[in-house]
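The values are calculated or read from the model by the stated rules, or taken from the named source; none is laboratory data. Since we're looking at a predicted model, the values are computed, not measured. When we count neighbours, we look across all protein chains shown, and the Cβ atoms used for this are built from the backbone with ideal geometry, even at glycine.
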Amino acid sequence: MSEHAALTILSEEEQIFRNAVRDFAERTIRPRVAEMDRASHVLPEIVQALFEMDLMAIEVPEEWGGAGSRFFMSILAIEEIARVDPAVAVILDVQNTLVEIPMLRWGTDAQKCRFLPRLASGTVASFALSEAGSGSDAFALRCEARREEDGFRLTGRKLWITNAGEAEFFIVFATVDSKAGHRGVTAFLVERAASGFSLGRKEEKLGIRASSTCELVLEQVFVPHDQVLGEVGKGYKVAIETLNEGRIGIGAQMVGLAQGALEGALSYAKERMQFGKKIADFQAIQHQLARCATELEAARLLVYNAARLKEQGRPFLREAAMAKYYASQVAEHVASEALEIYGGLGFTKDCPAEKYFRDSKIGKIYEGTSFIQLDTIAKSMLAEGIS
Ligand SMILES: Cc1cc2nc3c(=O)[nH]c(=O)nc-3n(C[C@H](O)[C@H](O)[C@H](O)COP(=O)(O)OP(=O)(O)OC[C@H]3O[C@@H](n4cnc5c(N)ncnc54)[C@H](O)[C@@H]3O)c2cc1C
């Protein structure tokens, strides 16, 4: 359906890549979606297949085993995987946008040589900022990093950490000076095998159930100096700048979700008979589909625009916030409309629309809630005007 519109704005290279990811998602992920949702667990062979398809290190240069590609390709990959399963999409979203991009940007050569080949070849990773008391107010974090001669000892708990169930590698944010506010926040590279590191509770979630979301428990975890990412006391910069880019990925996840939900509803409407007609022959249904398709296209353009700006090194903060804000709103609305087009069937586990609807809710919550996106947009408008 959006094939038509998308072709006008994707280069040939991008179209080929997108089609390859779509084909992969249909063949490899689609048959296992319901099973993974029911089990609240991603199958290891699906994660393995993401690595084999080079989707877990899209921007990592080839010298470290990555695909050596571009940010926009990550966005296309996230969108296409989310079209089939938004839970699987967030696994590669976190790996690419929240872990590898900051590693490439702030990592030392030694850190890149040591960790990026692993991240490209089979090691799943997480980005651990949130805590029980610090979500939107992320830099009110309490996890403490006590200085020692050779490094730091980290003690505290991290909440809501995506991929933590499978991850072997974590970017963990902790403070070296709790009285210094955001200026104490530092980013650390932590391995799951580190002594004192363990997983706490795994969350039982409404949606994206196959994606693990767990608590991290750090008890005097030793992290050597050479595993500080960026500068001590500058972790807030790592976190903010990473999330500014990362939220374009969530926008892409939401666009893919809406696409998947709408495609399903469109084919059902063309088959389902009521009053002696296909329900797609009723103008009310046609308009419902048309409104959803228009919203989806607008969301996709916002996401692609933010991604293109970021890739060209131009300012993109406001556009990224708009893309995530709007795409998550569209995903929730389209998923809800799609569910209703299935009638009673849409309200059951037998119908894929039910899962898209549950999965859509997270878009307005993680990587900055919708209120936080609106705050960002408003601040930027007040400072710089509208265009
Ligand atoms: C499934 C899932 C996966 C996640 N993955 C990760 C992860 O991998 N890594 C990570 O670090 N975190 C992760 N998170 C955490 C996520 O980023 C936070 O949940 C989110 O930032 C919101 O924080 P909070 O839950 O503490 O809500 P709160 O900040 O307590 O917000 C509660 C409500 O108050 C509103 N609010 C807060 N401040 C303001 C304000 N200034 N103005 C107006 N309204 C406001 C919010 O919009 C929200 O509606 C994940 C969360 C979930 C649910």
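Within segment 304-354, the set of residues being among the acidic types (D, E), more than 26 Å from H287 (Cβ to Cβ) and in contact with a Leu (Cβ under 8 Å, 6 or more places away or on another chain) comprises E319 only. Within segment 212-237, the set of residues being free of Cβ contacts under 8 Å to residues at least 12 places away in the same chain and touching a Phe, Trp or Tyr at 6+ places or on another chain (Cβ under 6 Å) is empty. Within 16 Å of the ligand (Cβ to nearest atom) and farther than 22 Å from I75 by Cα: which single residue out of A378, A321 fits that description? It is A378. Among residues of segment 32-52 that are buried (at least 19 other Cβ atoms within 10 Å of the Cβ), those with a Cβ under 6 angstrom from a residue that is at pLDDT 95 or above and among the acidic types (D, E), sequence gap 6+ or separate chain, pair up as V33/D85.
Pairs linking a residue in segment 105-117 that is farther than 12 Å from V60 by Cα to a residue that is at pLDDT 95 or above and among the small types (G, A, S), with Cβ atoms under 7 Å and 6 or more positions apart or on different chains, are W106/G230. Restricting attention to segment 338-375, the residues that are within 9 Å of the ligand (Cβ to nearest atom) and part of a loop (DSSP other than H, G, I, E, B) total 5. Within segment 363-383, the set of residues being touching a residue at least 60 places away in the same chain (Cβ under 8 Å) and touching a Lys or Arg at 6+ places or on another chain (Cβ under 8 Å) comprises G363, E367, G368, Q373, S380, M381. The lone criterion from (1) hydroxyl-bearing (S, T, Y); (2) under 24 Å from I78 (Cα atoms); (3) not in a helix (DSSP H, G or I) left unmet by S387 is number (2).
Reported count of residues in segment 177-195, each being in contact with a Gly (Cβ under 9 Å, 6 or more places away or on another chain), surrounded by fewer than 20 Cβ atoms within 10 Å (Cβ to Cβ) and farther than 24 Å from T369 by Cα, is 3. Residues of segment 165-177 that are in a strand (DSSP E or B), aliphatic (A, V, I, L, M) and more than 16 Å from the chain's Cα centre (by Cα): V172, A174. Yes or no: E245 out of contact with any Asp or Glu (no Cβ under 8 Å at 6 or more places or on another chain), charged (D, E, K, R), closer than 30 Å to Q312 by Cβ and outside the structural domain of R105 (by TED's automatic domain parsing)? Judged against the criteria, E245 is a match. In segment 197-249, the residue that is surrounded by the fewest Cβ atoms within 10 Å (Cβ to Cβ) out of those that are part of a strand (DSSP E or B) and within 12 Å of the ligand (Cβ to nearest atom) is K202.
Within segment 41-56, the set of residues being aliphatic (A, V, I, L, M) and over 14 Å from the mean Cα position of the chain (by Cα) comprises V42, L43, I46, V47, A49, L50, M53. Just one of the listed residues (R201, R209) is more than 12 Å from L154 (Cβ to Cβ) and touching a residue at least 40 places away in the same chain (Cβ under 8 Å), namely R209. Among what's in segment 129-164 and is closer than 24 Å to D93 by Cβ, not small (G, A, S) and not in a loop (DSSP other than H, G, I, E, B), pick the residue that is modelled with the lowest pLDDT. Checked segment 129-164; the qualifying residue modelled with the lowest pLDDT is F139. Among the residues that make up segment 104-125, is at least one of them within 12 Å of the ligand (Cβ to nearest atom) and either outside any loop (DSSP other than H, G, I, E, B) or aromatic (F, W, Y) (or both)? Within segment 104-125, one or more residues are within 12 Å of the ligand (Cβ to nearest atom) and either outside any loop (DSSP other than H, G, I, E, B) or aromatic (F, W, Y) (or both). Summed over segment 136-148, residues that are within 16 Å of the ligand (Cβ to nearest atom) and either farther than 20 Å from K237 by Cβ or surrounded by fewer than 18 Cβ atoms within 10 Å (Cβ to Cβ) (or both) total 5.
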